[in-house]
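Inspection log for the structure reproduced underneath, given as structure tokens.
The values are calculated or read from the model by the stated rules, or taken from the named source; none is laboratory data. Only a predicted model underlies this, so the values are computations on that prediction, with no experimental measurement involved. FYI the Cβ positions are ideal-geometry reconstructions off the backbone, even for glycines, and counts take in every protein chain you see. For the accessible areas, the whole protein counts, side chains as well, though only heavy atoms, and no ligand, DNA or RNA atoms are used. Shrake-Rupley method; radii C 1.70, N 1.55, O 1.52, S 1.80 Å.
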Amino acid sequence: MRIPFLDLGRQHKVLQKDIDRALSEVFKKQKWILGDEVKLLEEKISKYLKTNYAVGVNSGTDALVIALRALALKTKGKEYFDSENEIITPSFTFTATGEAIVRAGATPVFVDIEPETFNINPEEVKKAINKNTVGLLPVHLFGQPANMEQIVEIARENSLFVVEDVAQAFGSRWNGKFAGSIGDAGCHSFFPSKNLGGFGDGGMITTNDAEIADYARWLRAHGGKDKYNVDYIGYNSRLDTIQAAFLLVKLNYLETFIKMRRELAAYYNENLKGMDQIVLPLEERKAFHTYNQYTIRVKNKRDWFQEKLKEKGIPTMIYYPVPLHKMKVFKNKARIKTELRETEKACQEVLSLPIEPLLNNTEKEAIIQAIKESVKILSTS
Ligand SMILES: *Cc1c(COP(=O)(O)O)cnc(C)c1O
């Protein structure tokens with residue numbers, strides 16, 4: 001038996017007929033760039049997430065860069081932020097979060113996370129704010145929204161913008177509101193392994209602000225209303241029509257697959273509870289977690305534990321082994337104001353379990369069995 005961590009092929013079989021039909025339509029029409037399907041996907045996503053606008057772009061990373069640059073234009077009337085401008089974000093995230101801040105001209109200020117949720121700690125955000133702070137960039141890590149109530153309140157009190165990194169949390173909700181509809185802008189990724197995955201790279205910016213939406217539309221296509229006489233340095237970062245056609249089909253199945261991910265998480269919760277050596281993920285009372293990852297902590301010997309599971313045929317992943325503040329690339333480009341103890345501890349302990357929504361019962365039981373056997377060895381060693 002080979003248990004997959006994620007098996008997009010299995011999921012594709014469910015969708016194949018619909019996808020074949022949708023793609024063949026695009027081939028017939030040959031409108032590859034910003035065709036009707038892009039517009040339709042933008043409309044459907046803004047309706048689903050309850051935002052006024054949605055702008056399709058090339059990737060989640062570009063969504064972040066473009067949203068931040070739109071905010072530089074809106075709030076400062078400048079194309080880029082200056083390096084004195086600080087944007088507060090967690091260090092326990094994927095590189096792209098920090099990278100986007102630097103590419104928009106600002107300096108990332110990394111703060112620590114809450115140990116229970118792995119998300120940015122609002123108390124640490126408060127401590128990091130100073131006169132140079134311009135915005136907050138929370139990440140809804142693993143599919144669980146950050147505490148948006150507190151983050152929005154802190155932002156309001158300090159006149160800061162909020163950009164949400166929703167790359168891992170399409171369809172997640174905080175207190176009933178969709179992730180990506182709460183801050184000034186939400187940045188989504190359609191990377192294949194994300195909740196709404198394309199067949200290549202893709203992304204989207206959602207916002208309720210007409211000005212941000214306009215800037216984003218201009219920046220994704222070279223930087224101006226007039227294609228042959230542009231105003232700003234932009235990008236070629238359009239979402240392809242064929243990608244949008246594929247995503248329109250997948251959007252119809254999104255809730256079904258999210259439900260399956262939540263059922264798998266509930267199965268893990270039920271069958272792995274009560275073991276001293278491992279800590280299960282907590283779903284906040286106000287969060288609707290979509291489990292892009294189901295991430296446990298192994299309190300000691302995590303790497304040994306991972307190897308043991310591998311020997312038993314169970315694939316797992318470490319998201320993330322190195323926090324952003326320890327990466328070479330951010331050494332001279334980012335700041336930290338306090339030690340990030342919880343972040344560094346998480347990097348030592350986290351282990352993401354297989355999250356394929358279509359795992360069968362035999363596979364699920366094999367995973368539980370392997371974890372129980374490995375925990376047993378841990379507790380006697
Ligand atoms: C995947 C991801 C991104 C980047 O998205 P891409 O579509 O791969 O560019 C940004 N932030 C986080 C937290 C991610 O997981």
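The set of residues in region 165-209 being assigned to a strand (DSSP E or B), of a type outside the set (S, T, N, Q) and within 9 Å of the ligand (Cβ to nearest atom) consists of D165, C187, H188, G203. For first residues located in region 198-216 and under 18 Å from R238 (Cβ atoms), partners that are open to solvent by less than 10 Å² (accessible area, probe 1.4 Å) and among the basic types (K, R) and lie 6+ apart or on another chain with Cβ distances below 9 Å form the pairs Y215/R69; A216/R69. Inspect region 256-264 for any residue being outside any loop (DSSP other than H, G, I, E, B), in contact (Cβ under 8 Å) with a residue 12 or more places away in the chain and polar (S, T, N, Q) and give the result as yes or no. Looking through region 256-264, none of the residues is outside any loop (DSSP other than H, G, I, E, B), in contact (Cβ under 8 Å) with a residue 12 or more places away in the chain and polar (S, T, N, Q). Selection of region 1-26 for residues being touching a residue at least 60 places away in the same chain (Cβ under 8 Å) and in a helix (DSSP H, G or I) yields L8, R10, Q11, V14, L15, D18, I19, A22, L23, E25, V26.
With respect to the conditions (1) modelled with pLDDT under 95; (2) closer than 30 Å to K44 by Cα, E263 lacks only one, and its number is (1). Among the residues of region 327-381, those that are at pLDDT 95 or above, over 15 Å from I3 (Cβ atoms), open to solvent by less than 70 Å² (accessible area, probe 1.4 Å) and assigned to a loop (DSSP other than H, G, I, E, B) comprise M327, A334, L340. Once region 39-68 is narrowed to residues that are within 16 Å of the ligand (Cβ to nearest atom) and among the β-branched types (V, I, T), the residue that is most open to solvent (accessible area, probe 1.4 Å) is T61. Give the number of residues within region 305-325 that are outside any loop (DSSP other than H, G, I, E, B) and in contact (Cβ under 8 Å) with a residue 12 or more places away in the chain. Of the residues in region 305-325, 7 are outside any loop (DSSP other than H, G, I, E, B) and in contact (Cβ under 8 Å) with a residue 12 or more places away in the chain.
Considering only residues in region 69-96 that are hydrophobic (A, V, I, L, M, F, W, C) and within 16 Å of the ligand (Cβ to nearest atom), the one that is nearest to the chain's Cα centre (by Cα) turns out to be F94. The set of residues from region 280-296 being touching a residue at least 60 places away in the same chain (Cβ under 8 Å) and either under 20 Å from L6 (Cα atoms) or not charged (D, E, K, R) (or both) comprises P281, L282, A287, F288, H289, T290, Y291, N292, Q293, Y294, T295. Looking across region 19-38, just one residue is within 21 Å of G197 (Cβ to Cβ) and open to solvent by 100 Å² or more (accessible area, probe 1.4 Å), and that is R21. For N147, the conditions (1) farther than 28 Å from N332 by Cα; (2) open to solvent by less than 10 Å² (accessible area, probe 1.4 Å) all hold with the exception of (2). Selection of region 120-159 for residues being part of a loop (DSSP other than H, G, I, E, B), more than 16 Å from the ligand (Cβ to nearest atom) and free of Cβ contacts under 8 Å to residues at least 40 places away in the same chain yields K131, N158, S159. The lone criterion from (1) farther than 30 Å from E349 by Cα; (2) of a type outside the set (A, V, I, L, M, F, W, C); (3) open to solvent by 10 Å² or more (accessible area, probe 1.4 Å) left unmet by K301 is number (1).
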